[in-house]
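The values are calculated or read from the model by the stated rules, or taken from the named source; none is laboratory data. Everything numeric in this text was worked out from a predicted model, so none of it was measured. Cβ: placed from backbone, ideal geometry, glycine included. Neighbour counts: every protein chain shown.
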Amino acid sequence: MKKLIITFSFLMILLSSFAQSSEHLKFKGVPIDGTLNEYVAKMKQAGFNHEGTEDGTALLSGEFAGYSDCIVGVKTLQKLNLVHEIVVLFPTQDKWAGLSYDYERLKTMLSKKYGEPDECVEKFVNTPSYIDINDDNDKMREVESDHCEYYSIYNSEYGSITLQISYDGYFFGCRVKLFYTDKINSEIFDDAAMEDL
């Protein structure tokens with residue numbers, strides 16, 4: 001009887017770990033999984049507008065984390081048609097105060113939900129000596145010169161979430177971005193991409 005109980009317990013632990021490892025990272029409570037059309041339909045139900053699809057990426061717009069006018073990219077590998085990453089583009093900012101406020105606000109919310117980031121870098125690099133790093137205008141120029149490394153990464157058994165300050169070029173400006181990368185589907189994505197090499 002004792003062997004039967006031990007065997008049953010071991011089997012339950014194994015099944016439990018298998019069930020946990022087959023779960024996906026969630027975005028707005030929806031697992032990052034399925035085909036592009038399936039996922040877009042779920043995001044439309046969550047209140048987003050579908051703006052179009054191109055090269056395996058669907059663009060949606062709507063409100064996210066209290067910010068209106070966000071753009072959400074749902075990414076797939078076209079030949080697999082399997083969603084593996086969500087990118088949220090927050091509204092652009094033309095002042096460092098607004099940009100850093102968005103970053104710090106979202107970082108605080110993510111840390112409350114997921115714990116402290118596993119990796120966090122918040123600095124300016126390769127800054128010329130004539131730049132006053134305490135001046136907000138100079139900080140924005142450094143962001144636009146790609147001298148700003150501000151990011152926080154939150155890892156879980158289901159994937160990773162990366163928050164970063166980014167410059168998207170003259171026409172698109174400076175903004176905060178948030179990446180949700182599902183572990184299971186990203187591994188499938190990587191395996192399929194490796195076949196191309």
> Hey, among the residues in the range 174-197 that are of a type in the set (Val, Ile, Thr) and under 17 Å from the mean Cα position of the chain (by Cα), which one's nearest to LEU82 (Cα to Cα)?
Replying inline: ILE184
>> Against the definition (in contact with a Cys (Cβ under 6 Å, 6 or more places away or on another chain) and among the β-branched types (Val, Ile, Thr)), how does VAL88 come out, yes or no?
In response: yes
> If VAL125 passes every condition in (1) within 15 Å of LEU178 (Cβ to Cβ); (2) in contact with a His (Cβ under 6 Å, 6 or more places away or on another chain) but one, which one does it miss?
Replying inline: (1)
> Which residues, counting only those in the range 135-146, are part of a loop (DSSP other than H, G, I, E, B) and either among the basic types (Lys, Arg) or exposed (fewer than 14 other Cβ atoms within 10 Å of the Cβ) (or both)?
Replying inline: ASP135, ASP146
> Restricted to the range 104-134, and to residues that are part of a loop (DSSP other than H, G, I, E, B) and surrounded by 14 or more Cβ atoms within 10 Å (Cβ to Cβ), which residue is nearest to the chain's Cα centre (by Cα)?
Replying inline: PRO117
> Do you know which residues across the range 26-58 are farther than 21 Å from GLY159 by Cβ and either part of a strand (DSSP E or B) or under 16 Å from the mean Cα position of the chain (by Cα) (or both)?
Replying inline: ASN49, HIS50, GLU51, GLY52, THR53, GLU54
>> Just checking, does the range 96-103 include any residue being among the small types (Gly, Ala, Ser), farther than 13 Å from ARG175 by Cβ and outside any helix (DSSP H, G or I)?
In response: no
> Across the range 153-194, what is the number of residues that are surrounded by fewer than 21 Cβ atoms within 10 Å (Cβ to Cβ), outside any strand (DSSP E or B) and not aromatic (Phe, Trp, Tyr)?
Replying inline: 14
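Each row is one residue, and each column tells you yes or no for (1) at negative phi; (2) modelled with pLDDT of 95 or more.
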| residue | (1), (2) |
| --- | --- |
| LEU11 | yes, no |
| ALA46 | yes, no |
| HIS50 | yes, yes |
| ASP55 | no, no |
| LEU60 | yes, yes |
> Taking GLU149, is it out of contact with any Cys (no Cβ under 6 Å at 6 or more places or on another chain) and assigned to a strand (DSSP E or B)?
Replying inline: yes
> Is there a residue in the range 161-183 that is in contact (Cβ under 8 Å) with a residue 60 or more places away in the chain, out of contact with any helix residue (DSSP H, G or I) (no Cβ under 8 Å at 6 or more places or on another chain) and more than 22 Å from LEU89 (Cβ to Cβ)?
Replying inline: yes
> Only one of (1) in contact (Cβ under 8 Å) with a residue 12 or more places away in the chain; (2) exposed (fewer than 11 other Cβ atoms within 10 Å of the Cβ) fails for TRP96. Which number is that?
Replying inline: (2)
> Hey, any hits in the range 80-93 for a residue that's modelled with pLDDT under 95 and surrounded by fewer than 18 Cβ atoms within 10 Å (Cβ to Cβ)?
Replying inline: yes
